[in-house]
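Step one of this worksheet: look at the structure below.
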Amino acid sequence: MAETKHERALIIDFGSQVTQLIARRLRESGVYCEIHPFNKVDNDFLDAYDPQAIILSGGPSSVTWDDSPRVPPAVFSRKVPVLGICYGQQVMMEQLGGRVESGTSREFGRAFIDKVLDDPILEGLSFEGEGEQVWMSHGDHVAEMASGFFVIAKSPGAPYAVIADPERHFYGTQFHPEVVHTPHGATMLKNFTHKIAGLKGDWSMAAYREEAIEKIREQVGSGRVICGLSGGVDSSVAAVLIHEAIGSQLTCVYVDHGLMRMNESEQVVTLFREHYNIPLVHVDASDLFLGELDGVSDPERKRKIIGKLFIDVFEEEAKKIGGADFLAQGTLYPDVIESVSAIGGPSVTIKSHHNVGGLPERMNMQLVEPLRDLFKDEVRALGRELGLPEAFIGRHPFPGPGLAIRIPGEITREKADTLRKADAIYLEEMRKADLYDQIWQAFAVLLPVNTVGVMGDERTYENVLALRAVTSTDGMTADYFPFEHDFLGRVATRIINEVKGVNRVVYDITSKPPGTIEWE
């Protein structure tokens, strides 16, 4: 648990795939919050955390099941405002004396609610025309409210769409205000935290920077820290923050596994050695990594091989510099949340190339993870606070395994070089067209498919290259970016003309479902 001087809200997780979005919305309004599983919250936890507001998330269970999750009773006796969302509303009703049913009254997708009573939680909503748009996702429904509750808003399929017990400051919504498909959901959440719970919203990156520096100094003392740079935003921001805290006690190790983006190694070395004057060890381990990956096709094996080799290289470099007491990592809050999911998150599969959750015992080092309370957008904001170049902060996410998982099938140095060149052309054309910053993530994939083509007077039998670009407001759900045909034509023409080994380019328009963290 992070120790902060801020007001704080608690989100109790019942396993919803969009629980993280609740935290993001609260932090966007300046409220510090943490997500904790329902089965980890007890009296001692609540006393130590001392939340000024509590939100109960949605979840996949049915309140009507005998073994369904329940709210710790102490939540309702602490005399702090409580908001239940979807399953959170239903379980609140069940435990406070209401009744929930499974039946024919189901709503999935867009719905419209009408106001029944005025209430602070509805301030700023218009209810004009068809009503206020919200996003429903429920099979069960509240059949009878608990004593003290009133209906604040309703929909044709949910007569208890928003309910409230104003005296105890208990609220419930049948829909999900945290998702973008509820256009004014962020306003409702802010109304709950600021108007009903009375929070001011004092969470900022400037304050986080100061507090994080003090925590790093307290943890590290006079010890030495080794930081594994991946070339991405997370590890880079972590390194600059730690260096600001402890200076020369930090040594960064940048491992080039031969699967980086075009010119990435040169950019990282220049930034850290010349701009920040941070001690940096640049290890060209491309032969080692590509050798171990030779003949490996399974993507999960690739991840695990790369993860193991990273640890091995760190160990070797730590010995060369005379040992280190700590290993710094760019672990983010989504990693932490998924590793302790109430219902069982996908982090074991998604993050298997990372070292989320600990280090091998033989390393005998403690972890320093100064970003583990932050979401991706907050890391970027912290990077700006620390003065990192905007071009570096705004780069699209790049997974630890690098190009290894963007080359389905066996990996060779030739394939990596081909993909690297094509990917660079794709990103360059996006920047020329002022599209790069509108896109959450874009990259090329070298498919394990060859096609026959004719180039000039010769028949070719070369690779198919797929392009992907997605937009996202939260990094959890996304949709493909609608490039104009002229842009795709320019990119395809350049790649085919300039990259030997590619004779066909396709654009992937697959959307990203909710519940996963990164695109690969």
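A few comments on the model shown:
- The alpha carbon gyration tensor of region 146-296 gives principal lengths a ≥ b ≥ c with a/c of 1.5 or higher and a/b greater than b/c, which makes the shape prolate.
- Once both labels are positioned 7 Å from their Cα atoms along Cα-to-Cβ, the gap between V151 and L117 label points is 1.2 nm.
- For the chain, the longest principal axis of the alpha carbon atoms and the long axis of helix 485-498 meet at an angle near 30°.
- Relative contact order (%) - criterion: Cα under 8 Å, at least six apart; region: the chain: 11
- Amide H contacts for F150 (H built 1.01 Å from N in the peptide plane; partners 5 or more residues away or on another chain; cut-off under 5 Å): A164, D165.
- Interchain or long-range residues, amide H under 5 Å from R8's placed H: Q52
- Computed FRET value (nearest 0.05) for E266 with D437, which takes r as the C-beta separation and R₀ as 25 Å: 0.65
- Structure-derived Rg/Rh (Cα atoms, Kirkwood Rh) - corresponding label in (1) 1.01; (2) 0.98; (3) 0.95: (1)
- Modelled FRET efficiency - R0 56 Å, S126 with K320, Cβ distances, 0.05 increments: 0.30
- For K376, a cut-off of 17 angstrom between C-alpha atoms picks up these lysines, skipping any fewer than 8 places away in its own chain: K351.
- Accessible surface, per residue, of the chain when the full set of protein chains is kept, probe 1.4 Å, Å²: 43
- When the GluC sites (Glu not before Pro) in region 193-260 are filtered for DSSP coil states and for at most 13 other beta-carbon atoms within 10 Å of their beta-carbon, no site remains.
- Over every Cα atom in region 1-140, the radius of gyration and the widest Cα-Cα span, Dmax, amount to 15.9, 48 Å.
- Ellipsoid semi-axes in whole angstrom, largest first, where each is sqrt(5λ) of the Cα gyration tensor of region 405-445: 24, 11, 4
- Within the chain, antiparallel bridges make up roughly 50 percent of the DSSP beta bridges whose residues both belong there.
- 29 Å Cα-Cα threshold exceeded, pairs from K40/K79; K40/K302; K302/K432: K40/K302; K302/K432
- Projecting the Cα atoms of G157, V31, A197 onto the dipole axis of the chain, where Lys and Arg carry +1 and Asp and Glu carry -1 at the beta carbon, places V31 farthest toward the positive end.
- Extent along principal axes [Cα atoms of region 79-183; Å; largest to smallest]: 34, 31, 21
- Rounded to 10°, Cα long-axis angle of helix 205-220 versus longest principal axis of the chain: 70
- Reach of K195 by Cα under 13 Å, taken over aspartates and glutamates that are not fewer than 8 positions away in the same chain: D119, E123
- Nearest-ten-degree value, helix 19-28 long axis tilted from longest Cα axis of the chain: 90
- Selection from L125, G295, L327, by position along the positive dipole direction of the chain (Cβ): G295
- Net length available on complete extension from R168 to E414 is 82.0 nm, with 0.36 nm assigned per residue and the Cα-Cα distance removed.
- Translational diffusion of region 225-293 was estimated from the Stokes-Einstein equation, with Rh taken as the Kirkwood radius over Cα pairs; at 25 °C and 0.890 mPa s the coefficient is 199 µm²/s.
- With the highest mean first, a sort of the peptides 139-148, 292-301 on other beta-carbon atoms found within 10 angstrom per residue produces 139-148, 292-301.
- Taking label positions 7 Å along the Cα-Cβ direction at both D202 and D486, the computed distance is 5.4 nm, reported to one decimal.
- Cα-centred dipole magnitude for the chain, charges only on beta-carbon of K, R (+1) and D, E (-1), debye, nearest 20: 300
- Per-pair calculated FRET efficiency, R0 = 56 Å: N497 and E218 via Cβ, rounded to 0.05: 0.50
- When a 1.4 Å probe is rolled over the protein heavy atoms, the share of accessible surface on region 133-284 that falls to carbon and sulfur comes to 49 percent.
- Once both labels are positioned 7 Å from their Cα atoms along Cα-to-Cβ, the gap between H282 and L367 label points is 3.0 nm.
The values are calculated or read from the model by the stated rules, or taken from the named source; none is laboratory data. Just so you know, these numbers come straight off a predicted model, no measurement behind them. In this analysis, Cβ positions are derived from the backbone assuming ideal geometry, glycine residues included, and neighbour counts consider all displayed protein chains. Just the protein is used for accessible areas: all its heavy atoms, side chains included, with ligands, DNA and RNA removed. Shrake-Rupley method; radii C 1.70, N 1.55, O 1.52, S 1.80 Å.
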